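Here's the structure we're looking at; comments come further down.
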There are 2 protein chains.
Amino acid sequence: MDAALAEDSYDLIVLDVMMPGEDGLSVCRRLRVAGSIPILMLTALGDDDDRIRGLDLGADDYLPKPFNPRELVSRVRAILRRTSHRENGIGHLAGRRVKFSHLELDYDQAVLASNDGTAVPLTSGELKLLSIFLERPRATLRRDELALLTAGRELGPLDRTIDNQVSRLRRKIEPDILRPRIIRTIRNEGYCLSCDVEVIE
Amino acid sequence: MDAALAEDSYDLIVLDVMMPGEDGLSVCRRLRVAGSIPILMLTALGDDDDRIRGLDLGADDYLPKPFNPRELVSRVRAILRRTSHRENGIGHLAGRRVKFSHLELDYDQAVLASNDGTAVPLTSGELKLLSIFLERPRATLRRDELALLTAGRELGPLDRTIDNQVSRLRRKIEPDILRPRIIRTIRNEGYCLSCDVEVIE
DNA sequence: GCACGTTGATACATTTGGTGACAAAACGGC
DNA sequence: GCCGTTTTGTCACCAAATGTATCAACGTGC
(Lines give C-alpha, C1' and ligand atoms only; values in the text may rest on other atoms or scores of the structure.)
Protein backbone atom coordinates (compact mmCIF):
# COMPACT_ATOMS: atom_id res chain seq x y z
CA MET A 1 0.00 0.00 0.00
CA ASP A 2 2.75 2.43 0.90
CA ALA A 3 4.47 1.73 -2.39
CA ALA A 4 1.24 2.26 -4.34
CA LEU A 5 0.50 5.49 -2.51
CA ALA A 6 3.95 6.80 -3.22
CA GLU A 7 3.44 6.00 -6.88
CA ASP A 8 -0.07 7.22 -7.62
CA SER A 9 -2.81 9.21 -6.01
CA TYR A 10 -6.08 7.68 -4.87
CA ASP A 11 -9.54 9.03 -4.11
CA LEU A 12 -10.35 6.82 -1.17
CA ILE A 13 -9.02 3.92 0.86
CA VAL A 14 -11.10 1.05 2.19
CA LEU A 15 -9.20 -0.29 5.14
CA ASP A 16 -9.64 -3.54 7.02
CA VAL A 17 -8.81 -3.46 10.70
CA MET A 18 -7.86 -7.07 11.34
CA MET A 19 -4.75 -7.68 9.33
CA PRO A 20 -1.63 -9.68 9.98
CA GLY A 21 1.21 -7.41 11.03
CA GLU A 22 0.32 -3.75 11.34
CA ASP A 23 -3.36 -3.33 12.09
CA GLY A 24 -5.81 -1.01 10.39
CA LEU A 25 -6.01 1.52 13.17
CA SER A 26 -2.29 2.02 13.02
CA VAL A 27 -2.40 2.41 9.24
CA CYS A 28 -5.24 4.91 9.63
CA ARG A 29 -3.16 6.93 12.03
CA ARG A 30 -0.24 6.99 9.65
CA LEU A 31 -2.41 8.02 6.73
CA ARG A 32 -3.87 10.88 8.73
CA VAL A 33 -0.49 12.23 9.64
CA ALA A 34 0.58 11.98 6.04
CA GLY A 35 -2.42 13.67 4.49
CA SER A 36 -6.17 13.82 4.19
CA ILE A 37 -7.08 10.94 1.90
CA PRO A 38 -10.59 9.65 2.74
CA ILE A 39 -10.68 6.38 4.66
CA LEU A 40 -13.51 3.94 5.10
CA MET A 41 -12.74 1.39 7.78
CA LEU A 42 -14.16 -2.07 7.46
CA THR A 43 -14.04 -4.72 10.09
CA ALA A 44 -15.43 -7.75 11.80
CA LEU A 45 -15.05 -5.99 15.11
CA GLY A 46 -18.50 -4.52 15.40
CA ASP A 47 -17.86 -3.23 18.87
CA ASP A 48 -18.99 0.34 19.62
CA ASP A 49 -15.65 1.33 21.06
CA ASP A 50 -13.79 0.08 18.02
CA ARG A 51 -15.98 2.16 15.74
CA ILE A 52 -15.56 5.20 17.93
CA ARG A 53 -11.81 4.77 18.04
CA GLY A 54 -11.62 4.35 14.31
CA LEU A 55 -13.66 7.47 13.68
CA ASP A 56 -11.71 9.44 16.25
CA LEU A 57 -8.50 8.35 14.60
CA GLY A 58 -9.61 10.19 11.53
CA ALA A 59 -11.54 7.59 9.54
CA ASP A 60 -14.43 9.02 7.56
CA ASP A 61 -16.75 6.10 8.09
CA TYR A 62 -16.72 2.73 9.76
CA LEU A 63 -18.70 -0.20 8.43
CA PRO A 64 -18.90 -3.46 10.39
CA LYS A 65 -18.73 -6.83 8.64
CA PRO A 66 -20.72 -8.55 7.42
CA PHE A 67 -21.90 -5.76 5.22
CA ASN A 68 -24.13 -5.40 2.24
CA PRO A 69 -21.93 -4.61 -0.77
CA ARG A 70 -24.48 -2.09 -1.98
CA GLU A 71 -24.25 -0.31 1.35
CA LEU A 72 -20.49 -0.13 0.94
CA VAL A 73 -20.99 1.48 -2.43
CA SER A 74 -23.47 3.95 -1.02
CA ARG A 75 -21.18 4.88 1.82
CA VAL A 76 -18.23 5.33 -0.49
CA ARG A 77 -20.39 7.59 -2.64
CA ALA A 78 -21.48 9.58 0.40
CA ILE A 79 -17.87 10.20 1.36
CA LEU A 80 -16.78 11.10 -2.14
CA ARG A 81 -19.71 13.47 -2.50
CA ARG A 82 -18.26 15.42 0.38
CA THR A 83 -14.59 15.20 -0.39
CA SER A 84 -14.49 15.54 -4.15
CA HIS A 85 -15.71 19.08 -4.63
CA ARG A 86 -13.83 20.39 -1.65
CA GLU A 87 -11.82 23.38 -2.73
CA ASN A 88 -12.16 25.45 0.40
CA GLY A 89 -9.15 24.11 2.26
CA ILE A 90 -5.71 25.02 1.10
CA GLY A 91 -4.32 21.90 -0.49
CA HIS A 92 -0.97 20.47 0.26
CA LEU A 93 1.71 22.89 1.20
CA ALA A 94 4.58 20.57 0.40
CA GLY A 95 7.02 22.39 -1.83
CA ARG A 96 5.22 25.73 -1.60
CA ARG A 97 5.95 29.04 -0.08
CA VAL A 98 3.23 30.57 2.03
CA LYS A 99 2.62 34.09 3.22
CA PHE A 100 0.68 34.80 6.39
CA SER A 101 0.66 37.76 8.71
CA HIS A 102 4.15 39.30 8.55
CA LEU A 103 5.79 36.00 7.72
CA GLU A 104 6.67 33.83 4.78
CA LEU A 105 7.21 30.12 5.17
CA ASP A 106 9.42 28.21 2.79
CA TYR A 107 8.14 24.71 3.25
CA ASP A 108 10.96 22.85 1.57
CA GLN A 109 13.64 24.73 3.43
CA ALA A 110 11.61 24.73 6.64
CA VAL A 111 12.54 28.35 7.09
CA LEU A 112 10.40 31.24 8.24
CA ALA A 113 11.30 34.65 6.85
CA SER A 114 9.93 37.75 8.46
CA ASN A 115 9.09 41.11 6.93
CA ASP A 116 11.94 42.66 8.85
CA GLY A 117 14.46 40.46 7.07
CA THR A 118 15.17 37.93 9.77
CA ALA A 119 14.81 34.21 9.14
CA VAL A 120 14.32 31.30 11.52
CA PRO A 121 14.63 27.59 10.82
CA LEU A 122 11.82 25.35 12.02
CA THR A 123 12.19 21.87 13.44
CA SER A 124 10.22 19.14 11.72
CA GLY A 125 7.64 19.12 14.47
CA GLU A 126 7.14 22.85 14.30
CA LEU A 127 6.83 22.72 10.54
CA LYS A 128 4.24 19.97 10.76
CA LEU A 129 2.18 21.86 13.30
CA LEU A 130 2.42 25.12 11.43
CA SER A 131 1.38 23.57 8.13
CA ILE A 132 -1.66 22.02 9.77
CA PHE A 133 -2.71 25.48 10.87
CA LEU A 134 -1.87 27.05 7.53
CA GLU A 135 -3.98 24.49 5.70
CA ARG A 136 -6.95 25.40 7.86
CA PRO A 137 -6.89 29.11 8.45
CA ARG A 138 -9.38 30.30 11.05
CA ALA A 139 -10.50 26.81 11.95
CA THR A 140 -10.48 26.03 15.64
CA LEU A 141 -8.60 22.80 16.17
CA ARG A 142 -8.94 20.83 19.34
CA ARG A 143 -5.87 19.46 21.05
CA ASP A 144 -6.80 15.90 20.21
CA GLU A 145 -7.24 16.75 16.55
CA LEU A 146 -3.85 18.41 16.52
CA ALA A 147 -2.28 15.42 18.24
CA LEU A 148 -3.81 13.16 15.63
CA LEU A 149 -2.71 15.30 12.72
CA THR A 150 0.82 15.98 13.95
CA ALA A 151 1.81 12.68 15.44
CA GLY A 152 -1.09 10.31 14.87
CA ARG A 153 -1.51 9.73 18.53
CA GLU A 154 -4.29 10.09 21.00
CA LEU A 155 -3.99 12.39 23.97
CA GLY A 156 -3.98 11.32 27.56
CA PRO A 157 -6.05 13.36 29.99
CA LEU A 158 -3.11 15.29 31.41
CA ASP A 159 -1.20 15.56 28.19
CA ARG A 160 0.38 18.96 27.66
CA THR A 161 2.25 17.99 24.55
CA ILE A 162 0.23 20.13 22.19
CA ASP A 163 0.43 23.15 24.47
CA ASN A 164 4.16 22.72 24.48
CA GLN A 165 4.42 22.48 20.74
CA VAL A 166 2.23 25.53 20.30
CA SER A 167 4.30 27.39 22.84
CA ARG A 168 7.48 26.54 20.96
CA LEU A 169 5.98 27.50 17.64
CA ARG A 170 4.67 30.76 19.02
CA ARG A 171 8.13 31.69 20.15
CA LYS A 172 9.14 31.70 16.50
CA ILE A 173 6.14 33.34 14.90
CA GLU A 174 4.52 35.71 17.37
CA PRO A 175 5.81 39.28 17.32
CA ASP A 176 4.58 39.80 20.86
CA ILE A 177 4.89 36.54 22.71
CA LEU A 178 2.90 37.86 25.66
CA ARG A 179 -0.07 38.53 23.43
CA PRO A 180 -0.26 35.82 20.79
CA ARG A 181 -2.39 36.93 17.88
CA ILE A 182 -1.45 34.61 15.04
CA ILE A 183 -2.21 31.37 16.81
CA ARG A 184 -4.92 32.25 19.24
CA THR A 185 -6.08 30.17 22.19
CA ILE A 186 -9.77 29.41 22.30
CA ARG A 187 -10.41 28.46 25.87
CA ASN A 188 -12.00 25.05 26.29
CA GLU A 189 -11.77 24.44 22.56
CA GLY A 190 -8.25 24.56 21.24
CA TYR A 191 -6.16 26.76 19.02
CA CYS A 192 -6.91 28.74 15.90
CA LEU A 193 -4.83 30.42 13.23
CA SER A 194 -6.37 33.86 13.01
CA CYS A 195 -4.95 35.41 9.88
CA ASP A 196 -5.22 35.09 6.13
CA VAL A 197 -3.00 32.66 4.27
CA GLU A 198 -1.69 33.13 0.76
CA VAL A 199 0.04 30.37 -1.16
CA ILE A 200 2.69 31.59 -3.57
CA GLU A 201 3.12 29.68 -6.79
CA MET B 1 -37.41 22.95 11.25
CA ASP B 2 -38.12 24.84 8.06
CA ALA B 3 -38.76 28.00 10.03
CA ALA B 4 -35.53 27.56 11.99
CA LEU B 5 -33.55 26.95 8.82
CA ALA B 6 -34.95 30.06 7.22
CA GLU B 7 -33.93 32.05 10.26
CA ASP B 8 -30.43 30.82 11.08
CA SER B 9 -27.77 28.65 9.54
CA TYR B 10 -26.77 25.31 10.97
CA ASP B 11 -23.68 23.14 10.73
CA LEU B 12 -25.40 19.78 10.58
CA ILE B 13 -28.80 18.13 10.90
CA VAL B 14 -29.48 14.90 12.76
CA LEU B 15 -32.63 13.51 11.22
CA ASP B 16 -34.92 10.78 12.45
CA VAL B 17 -36.65 8.72 9.78
CA MET B 18 -39.76 7.59 11.60
CA MET B 19 -41.74 10.72 12.26
CA PRO B 20 -45.44 11.47 12.24
CA GLY B 21 -46.38 13.26 9.05
CA GLU B 22 -43.59 13.77 6.58
CA ASP B 23 -40.94 11.10 7.01
CA GLY B 24 -37.20 11.59 7.28
CA LEU B 25 -36.38 10.39 3.80
CA SER B 26 -38.66 12.98 2.31
CA VAL B 27 -37.16 15.71 4.48
CA CYS B 28 -33.71 14.57 3.42
CA ARG B 29 -34.68 14.84 -0.23
CA ARG B 30 -35.99 18.36 0.28
CA LEU B 31 -32.88 19.44 2.15
CA ARG B 32 -30.67 18.09 -0.60
CA VAL B 33 -32.57 19.99 -3.22
CA ALA B 34 -32.32 23.14 -1.13
CA GLY B 35 -28.62 22.96 -0.35
CA SER B 36 -25.75 20.92 0.96
CA ILE B 37 -26.16 21.04 4.70
CA PRO B 38 -24.70 17.86 6.22
CA ILE B 39 -27.28 15.29 7.29
CA LEU B 40 -26.89 12.39 9.67
CA MET B 41 -29.89 10.08 9.53
CA LEU B 42 -30.89 8.25 12.64
CA THR B 43 -33.47 5.54 12.79
CA ALA B 44 -34.92 2.42 14.30
CA LEU B 45 -35.14 0.89 10.85
CA GLY B 46 -31.85 -0.93 10.75
CA ASP B 47 -32.62 -2.49 7.42
CA ASP B 48 -29.84 -2.47 4.81
CA ASP B 49 -32.10 -1.13 2.13
CA ASP B 50 -33.25 1.76 4.29
CA ARG B 51 -29.68 2.73 4.99
CA ILE B 52 -28.78 2.50 1.35
CA ARG B 53 -31.80 4.57 0.37
CA GLY B 54 -30.97 7.18 2.96
CA LEU B 55 -27.38 7.45 1.82
CA ASP B 56 -28.36 7.53 -1.83
CA LEU B 57 -30.79 10.33 -1.11
CA GLY B 58 -27.84 12.43 -0.04
CA ALA B 59 -27.46 11.75 3.66
CA ASP B 60 -23.87 11.87 4.82
CA ASP B 61 -24.19 9.05 7.31
CA TYR B 62 -26.82 6.71 8.60
CA LEU B 63 -26.77 5.42 12.15
CA PRO B 64 -29.27 2.77 13.28
CA LYS B 65 -30.93 2.92 16.68
CA PRO B 66 -30.16 1.98 19.32
CA PHE B 67 -26.89 3.80 19.06
CA ASN B 68 -24.09 4.67 21.43
CA PRO B 69 -24.19 8.43 22.08
CA ARG B 70 -20.43 8.62 21.86
CA GLU B 71 -20.56 7.02 18.46
CA LEU B 72 -23.02 9.69 17.37
CA VAL B 73 -20.58 12.35 18.52
CA SER B 74 -17.71 10.68 16.69
CA ARG B 75 -19.73 10.39 13.50
CA VAL B 76 -20.84 13.99 13.69
CA ARG B 77 -17.21 15.00 14.13
CA ALA B 78 -16.16 12.85 11.19
CA ILE B 79 -18.69 14.59 8.97
CA LEU B 80 -17.80 18.07 10.18
CA ARG B 81 -14.13 17.32 9.68
CA ARG B 82 -14.91 16.83 6.00
CA THR B 83 -17.27 19.68 5.45
CA SER B 84 -14.63 21.87 7.11
CA HIS B 85 -15.50 25.49 6.52
CA ARG B 86 -16.45 25.68 10.20
CA GLU B 87 -14.61 28.84 10.90
CA ASN B 88 -15.16 29.14 14.59
CA GLY B 89 -18.89 29.16 14.11
CA ILE B 90 -18.48 32.89 13.75
CA GLY B 91 -19.89 33.32 10.30
CA HIS B 92 -19.10 36.61 8.69
CA LEU B 93 -17.06 38.15 11.47
CA ALA B 94 -13.97 36.01 11.13
CA GLY B 95 -11.12 38.12 9.89
CA ARG B 96 -13.16 41.29 9.81
CA ARG B 97 -13.10 44.54 11.63
CA VAL B 98 -16.35 45.80 13.02
CA LYS B 99 -17.41 49.29 14.02
CA PHE B 100 -20.07 49.91 16.62
CA SER B 101 -20.74 52.86 18.86
CA HIS B 102 -17.37 54.52 19.53
CA LEU B 103 -15.47 51.27 19.17
CA GLU B 104 -13.82 49.16 16.55
CA LEU B 105 -13.28 45.46 17.05
CA ASP B 106 -10.46 43.73 15.23
CA TYR B 107 -11.64 40.16 15.31
CA ASP B 108 -8.37 38.52 14.32
CA GLN B 109 -6.39 40.40 16.89
CA ALA B 110 -9.13 40.17 19.51
CA VAL B 111 -8.54 43.82 20.25
CA LEU B 112 -11.00 46.64 20.82
CA ALA B 113 -9.87 50.06 19.68
CA SER B 114 -11.68 53.14 20.91
CA ASN B 115 -12.20 56.49 19.20
CA ASP B 116 -9.94 58.09 21.74
CA GLY B 117 -7.02 55.93 20.67
CA THR B 118 -6.95 53.42 23.49
CA ALA B 119 -7.02 49.71 22.78
CA VAL B 120 -8.01 46.80 24.98
CA PRO B 121 -7.39 43.11 24.38
CA LEU B 122 -10.31 40.75 24.87
CA THR B 123 -10.15 37.27 26.33
CA SER B 124 -11.52 34.50 24.17
CA GLY B 125 -14.69 34.37 26.24
CA GLU B 126 -15.28 38.09 25.97
CA LEU B 127 -14.66 37.99 22.25
CA LYS B 128 -17.15 35.19 21.82
CA LEU B 129 -19.83 36.96 23.80
CA LEU B 130 -19.26 40.23 22.00
CA SER B 131 -19.41 38.59 18.58
CA ILE B 132 -22.71 37.00 19.46
CA PHE B 133 -24.11 40.44 20.19
CA LEU B 134 -22.52 42.02 17.14
CA GLU B 135 -24.08 39.40 14.90
CA ARG B 136 -27.50 40.23 16.31
CA PRO B 137 -27.68 43.96 16.81
CA ARG B 138 -30.76 45.12 18.70
CA ALA B 139 -31.93 41.59 19.36
CA THR B 140 -32.83 40.78 22.93
CA LEU B 141 -31.04 37.63 24.00
CA ARG B 142 -32.12 35.68 27.02
CA ARG B 143 -29.53 34.43 29.46
CA ASP B 144 -30.12 30.83 28.51
CA GLU B 145 -29.69 31.63 24.83
CA LEU B 146 -26.43 33.36 25.57
CA ALA B 147 -25.24 30.44 27.68
CA LEU B 148 -26.01 28.11 24.83
CA LEU B 149 -24.27 30.27 22.27
CA THR B 150 -21.18 31.04 24.32
CA ALA B 151 -20.53 27.74 26.03
CA GLY B 152 -23.11 25.35 24.63
CA ARG B 153 -24.52 24.70 28.04
CA GLU B 154 -27.75 25.08 29.94
CA LEU B 155 -28.15 27.45 32.82
CA GLY B 156 -28.90 26.43 36.35
CA PRO B 157 -31.62 28.32 38.20
CA LEU B 158 -29.21 30.41 40.29
CA ASP B 159 -26.61 30.76 37.60
CA ARG B 160 -24.98 34.19 37.48
CA THR B 161 -22.49 33.20 34.84
CA ILE B 162 -23.93 35.29 32.03
CA ASP B 163 -24.38 38.34 34.23
CA ASN B 164 -20.75 38.06 35.15
CA GLN B 165 -19.59 37.72 31.59
CA VAL B 166 -21.67 40.71 30.57
CA SER B 167 -20.35 42.63 33.51
CA ARG B 168 -16.78 41.85 32.52
CA LEU B 169 -17.41 42.75 28.92
CA ARG B 170 -19.11 45.99 29.86
CA ARG B 171 -16.08 47.04 31.80
CA LYS B 172 -14.20 47.02 28.52
CA ILE B 173 -16.76 48.58 26.22
CA GLU B 174 -19.01 50.93 28.19
CA PRO B 175 -17.83 54.54 28.44
CA ASP B 176 -19.90 55.03 31.56
CA ILE B 177 -20.00 51.78 33.43
CA LEU B 178 -22.73 53.05 35.74
CA ARG B 179 -25.00 53.67 32.80
CA PRO B 180 -24.50 50.90 30.26
CA ARG B 181 -25.70 52.06 26.86
CA ILE B 182 -24.15 49.63 24.45
CA ILE B 183 -25.26 46.39 26.03
CA ARG B 184 -28.55 47.23 27.67
CA THR B 185 -30.28 45.14 30.31
CA ILE B 186 -33.84 44.20 29.53
CA ARG B 187 -35.33 43.30 32.83
CA ASN B 188 -36.85 39.83 32.94
CA GLU B 189 -35.75 39.25 29.36
CA GLY B 190 -32.03 39.43 28.96
CA TYR B 191 -29.51 41.68 27.26
CA CYS B 192 -29.52 43.60 24.03
CA LEU B 193 -26.88 45.33 21.93
CA SER B 194 -28.43 48.71 21.30
CA CYS B 195 -26.35 50.30 18.61
CA ASP B 196 -25.67 49.95 14.91
CA VAL B 197 -23.01 47.61 13.66
CA GLU B 198 -20.91 48.17 10.59
CA VAL B 199 -18.68 45.48 9.17
CA ILE B 200 -15.68 46.94 7.41
CA GLU B 201 -14.40 45.58 4.06
C1' DG C 1 30.95 7.00 23.11
C1' DC C 2 29.89 11.91 22.91
C1' DA C 3 27.91 16.38 21.68
C1' DC C 4 23.98 18.15 19.87
C1' DG C 5 19.26 19.09 18.80
C1' DT C 6 14.49 17.67 19.17
C1' DT C 7 10.63 16.22 21.65
C1' DG C 8 7.58 14.63 25.34
C1' DA C 9 6.82 14.80 30.39
C1' DT C 10 6.62 17.17 34.58
C1' DA C 11 6.15 20.94 37.56
C1' DC C 12 4.98 25.28 38.55
C1' DA C 13 3.17 30.06 37.47
C1' DT C 14 -0.41 32.54 35.47
C1' DT C 15 -4.86 33.45 33.46
C1' DT C 16 -9.58 32.72 32.94
C1' DG C 17 -14.13 32.27 34.09
C1' DG C 18 -17.76 29.95 37.24
C1' DT C 19 -19.74 30.27 41.97
C1' DG C 20 -21.82 32.22 45.80
C1' DA C 21 -22.35 36.27 48.65
C1' DC C 22 -23.84 40.50 49.02
C1' DA C 23 -25.05 45.22 47.38
C1' DA C 24 -27.70 47.95 44.31
C1' DA C 25 -31.47 48.73 41.44
C1' DA C 26 -36.06 47.96 39.72
C1' DC C 27 -40.62 46.92 40.53
C1' DG C 28 -45.16 46.42 42.77
C1' DG C 29 -48.45 47.24 46.30
C1' DC C 30 -49.83 50.26 49.52
C1' DG D 1 -43.39 58.40 49.12
C1' DC D 2 -42.33 53.73 51.80
C1' DC D 3 -41.46 49.06 52.21
C1' DG D 4 -40.76 44.19 50.73
C1' DT D 5 -39.64 41.36 46.94
C1' DT D 6 -37.44 40.21 42.80
C1' DT D 7 -33.95 40.97 39.61
C1' DT D 8 -29.49 42.49 38.37
C1' DG D 9 -24.47 44.11 39.19
C1' DT D 10 -20.22 42.93 40.79
C1' DC D 11 -16.76 41.42 44.19
C1' DA D 12 -13.81 37.90 45.98
C1' DC D 13 -12.61 33.45 45.86
C1' DC D 14 -11.36 29.15 43.76
C1' DA D 15 -11.00 25.40 40.41
C1' DA D 16 -9.79 24.53 35.95
C1' DA D 17 -7.33 25.66 31.80
C1' DT D 18 -3.33 27.33 29.83
C1' DG D 19 1.77 29.02 29.28
C1' DT D 20 6.27 27.73 29.72
C1' DA D 21 10.84 26.50 32.07
C1' DT D 22 13.20 22.59 32.94
C1' DC D 23 14.56 17.97 32.62
C1' DA D 24 14.89 13.36 30.70
C1' DA D 25 14.67 10.35 26.75
C1' DC D 26 15.75 9.65 22.25
C1' DG D 27 17.88 9.83 17.99
C1' DT D 28 21.60 11.49 14.83
C1' DG D 29 26.01 12.52 13.14
C1' DC D 30 30.65 12.60 14.14
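The values are calculated or read from the model by the stated rules, or taken from the named source; none is laboratory data. Not measured: the values here are computed from a predicted model. A quick note on method: Cβ atoms are made from the backbone with ideal geometry, for glycine too, and the neighbour counts reach across all protein chains shown.
On the basis of being more than 8 Å from DNA strand C (Cβ to nearest atom), within 14 Å of chain B (Cβ to nearest Cβ), at pLDDT below 95 and in contact with a His (Cβ under 9 Å, 6 or more places away or on another chain), does A:GLU198 make the cut?
Numbers: more than 8 Å from DNA strand C (Cβ to nearest atom): yes; within 14 Å of chain B (Cβ to nearest Cβ): yes; at pLDDT below 95: yes; in contact with a His (Cβ under 9 Å, 6 or more places away or on another chain): no.
No: the conditions fail for A:GLU198.
All of A:ARG77, A:ARG29 fail the test of being within 10 Å of chain B (Cβ to nearest Cβ) and either free of Cβ contacts under 8 Å to residues at least 60 places away in the same chain or on the phi < 0 side of the Ramachandran plot (or both), apart from A:ARG77.
Per the listing A:LEU93, A:LEU178, A:LEU112, A:LEU158, the residue uniquely among the aliphatic types (A, V, I, L, M) and buried (at least 20 other Cβ atoms within 10 Å of the Cβ) is A:LEU112.
Give the residue, chosen from A:THR185, A:THR150, that is at pLDDT 95 or above and either within 11 Å of DNA strand D (Cβ to nearest atom) or under 17 Å from the mean Cα position of the chain (by Cα) (or both). Reasoning before the result, please.
On the way: A:THR150 fails: at pLDDT 95 or above.
After ruling out the rest, the residue left standing is A:THR185.
Could you please find all residues in the range B:26-82 being surrounded by fewer than 18 Cβ atoms within 10 Å (Cβ to Cβ) and of a type in the set (Ser, Thr, Tyr)? Listed by number, the residues that qualify are B:SER26, B:SER36.
What about A:ARG142, is it on the phi < 0 side of the Ramachandran plot, within 14 Å of chain B (Cβ to nearest Cβ) and of a type outside the set (Ser, Thr, Tyr)?
Working: on the phi < 0 side of the Ramachandran plot: yes; within 14 Å of chain B (Cβ to nearest Cβ): yes; of a type outside the set (Ser, Thr, Tyr): yes.
When the stated conditions are applied, A:ARG142 passes them.
Considering the range A:184-195, the residues that are part of a loop (DSSP other than H, G, I, E, B) and away from DNA strand C (no atom under 13 Å from the Cβ) include one that is nearest to A:LYS99 (Cα to Cα), namely A:CYS195.
Given the structure, is A:THR140 at pLDDT 95 or above and hydroxyl-bearing (Ser, Thr, Tyr)? No, not satisfied. Residues in the range B:158-173 that are touching a helix residue (DSSP H, G or I) at 6+ places or on another chain (Cβ under 6 Å) and either near DNA strand C (Cβ under 8 Å from one of its atoms) or under 13 Å from B:ARG143 (Cβ atoms) (or both): B:ILE162, B:GLN165. Scanning the range A:137-183 for residues that are part of a helix (DSSP H, G or I) and among the hydrophobic types (A, V, I, L, M, F, W, C) yields a total of 9.
Can you tell me which residues in the range B:37-54 are free of Cβ contacts under 8 Å to residues at least 12 places away in the same chain and either touching a Ser or Thr at 6+ places or on another chain (Cβ under 9 Å) or hydrophobic (A, V, I, L, M, F, W, C) (or both)? Lay out the reasoning, then the answer.
To start, the set of residues in the range B:37-54 that are free of Cβ contacts under 8 Å to residues at least 12 places away in the same chain comprises B:47-49, B:52.
Matches in the range B:37-54: B:ILE52 only.
Here is the figure for the range B:107-126: residues that are at the interface with chain A (Cβ under 9 Å from one of its Cβ atoms) and either over 20 Å from B:ASP176 (Cα atoms) or in contact with a helix residue (DSSP H, G or I) (Cβ under 8 Å, 6 or more places away or on another chain) (or both) total 7.
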